[in-house]
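The structure appears below as structure tokens.
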Amino acid sequence: MEIEKDLKILKRNSSFKEDFTEKGSGRKENAHDGFISTENIHLPLIFTEMLNRESGLGILVGNKNCKINHSMNLILTELGLNRGGQTMVVSRETRIIPKNGKMSFAHYALEEWLLNPDWRSFQNSNVVVFDGLEDMKVLESLLKLVEAGTLVLWTFTGSSLLNGLQQIFSSIAAPGLHHLRARFAEAFFGGICQFRLESAQQEAAYAFEVLMNKKEVQELLQEDRLQEISALQDSATEKSGILALNQSLIQLIIRRKIDIKSAFKCTKNPQNLDQLLKKLGI
């Protein structure tokens, strides 16, 4: 199998291949400058490359302890340095607003903004960040922004990418809302789910799921066959645009960031993880 070949290469090199190269800004956490640490959180290049687009909808999912807000801060910092225009941020937590860079930022507290939501204020923004899975109206408004040419990053709580997609689709399951499913499948460019683990050095380590909205994924979304996404993730090859959680955990084990016990605590598919470990002779 191709995945076995990929994992043997990964073991031999003890590093990410091109599509899974880690990306960070090189800034260290400091209580005074407010920048997040990039020593422990490294977003996979396969996802950060998806952000090099003018428009589209990307989702970032994680549980309350996984520090997904730190990753969003890193993304905002990179966007501020590399592109111009305006970014509007609606979130529960204050995001880092870079002082330097080509992009201007404006932040709204989610609870206050929801009291009097004004989507028209986003119309001139190049990038919109929305933190929270509120209801179907939020989804429809975000889709309108994408269709008008805006890059939208949507972050909310979820246990996996599949769980995040299920939450979105549950809000549009009622009869008469099927058109929103098709619009989402067209607007969605990809997503990432972040998992926080304790490393072998008693420090935090981070694993990821990444899903690029390629043709086969788009078809599953359009036809509401979300459960088949898990099988697609587990069988993904290196250049497929998909990074499964178990692949990410294997990478951390090989690089001695976590132990096998921690990996099995995190995995959603222990049988598949056990098979991958055996193929590597671990």
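The values are calculated or read from the model by the stated rules, or taken from the named source; none is laboratory data. Just so you know, these numbers come straight off a predicted model, no measurement behind them. Cβ placement follows ideal geometry from the backbone for every residue including glycine, while neighbour counts extend to all protein chains displayed.
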Scan Asn65, Asn73 and give me the residue that is more than 22 Å from Ile242 (Cα to Cα), in a helix (DSSP H, G or I) and modelled with pLDDT of 65 or more.
-> Asn73
If the Cβ limit is 6 Å and pairs must be 6+ apart or interchain, which residue in the range 212-237 that is within 16 Å of Gly56 (Cβ to Cβ) pairs with which residue that is crowded, with 17+ Cβ neighbours inside 10 Å and of a type outside the set (D, E, K, R)?
-> Met212/Gly190; Met212/Gly241; Asn213/Phe188; Asn213/Phe189; Asn213/Gly190; Lys214/Gly241; Gln218/Ala185; Leu221/Ala185
Can you find even one residue in the range 161-174 that is outside any helix (DSSP H, G or I) and in contact with a Cys (Cβ under 6 Å, 6 or more places away or on another chain)?
-> no
Having 2 or more residues that are within 18 Å of Gly191 (Cα to Cα) is the bar; report the helices (runs of 4 or more DSSP H) wholly within the range 213-275 that clear it.
-> 215-222, 228-234, 245-254
Pairs where the first residue, in the range 268-279, is more than 21 Å from Gln227 (Cβ to Cβ) and the second is buried (at least 16 other Cβ atoms within 10 Å of the Cβ), C-beta under 7 Å, 6+ apart = Leu276/Leu7; Leu276/Asn246; Leu276/Ile250; Lys279/Leu7
Test: Trp119 is over 20 Å from the mean Cα position of the chain (by Cα) and farther than 25 Å from Lys64 by Cβ | yes
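A quick yes/no check of all residues on (1) touching a Phe, Trp or Tyr at 6+ places or on another chain (Cβ under 8 Å); (2) of a type in the set (D, E, K, R); (3) free of Cβ contacts under 8 Å to residues at least 40 places away in the same chain:
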{"residue": "Val127", "(1), (2), (3)": "no, no, no"}
{"residue": "Gly132", "(1), (2), (3)": "yes, no, no"}
{"residue": "Asp135", "(1), (2), (3)": "no, yes, yes"}
{"residue": "Phe156", "(1), (2), (3)": "no, no, no"}
{"residue": "Gly164", "(1), (2), (3)": "yes, no, no"}
{"residue": "Gln167", "(1), (2), (3)": "yes, no, yes"}
Report yes if some residue within the range 87-104 is touching a Phe, Trp or Tyr at 6+ places or on another chain (Cβ under 6 Å), among the hydroxyl-bearing types (Ser, Thr, Tyr), assigned to a strand (DSSP E or B) and more than 30 Å from Asn246 (Cβ to Cβ); otherwise report no.
-> yes
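A quick yes/no check of all residues on (1) touching a Gly at 6+ places or on another chain (Cβ under 8 Å); (2) more than 16 Å from Pro44 (Cβ to Cβ):
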residue: Phe188; (1), (2): yes, yes
residue: Glu203; (1), (2): no, yes
residue: Phe208; (1), (2): no, no
residue: Leu221; (1), (2): no, yes
residue: Leu273; (1), (2): no, yes
residue: Lys278; (1), (2): no, yes
Look through Gln167, Gln194, Gln233 and report the one residue that is among the polar types (S, T, N, Q) and in contact with a helix residue (DSSP H, G or I) (Cβ under 7 Å, 6 or more places away or on another chain).
-> Gln194
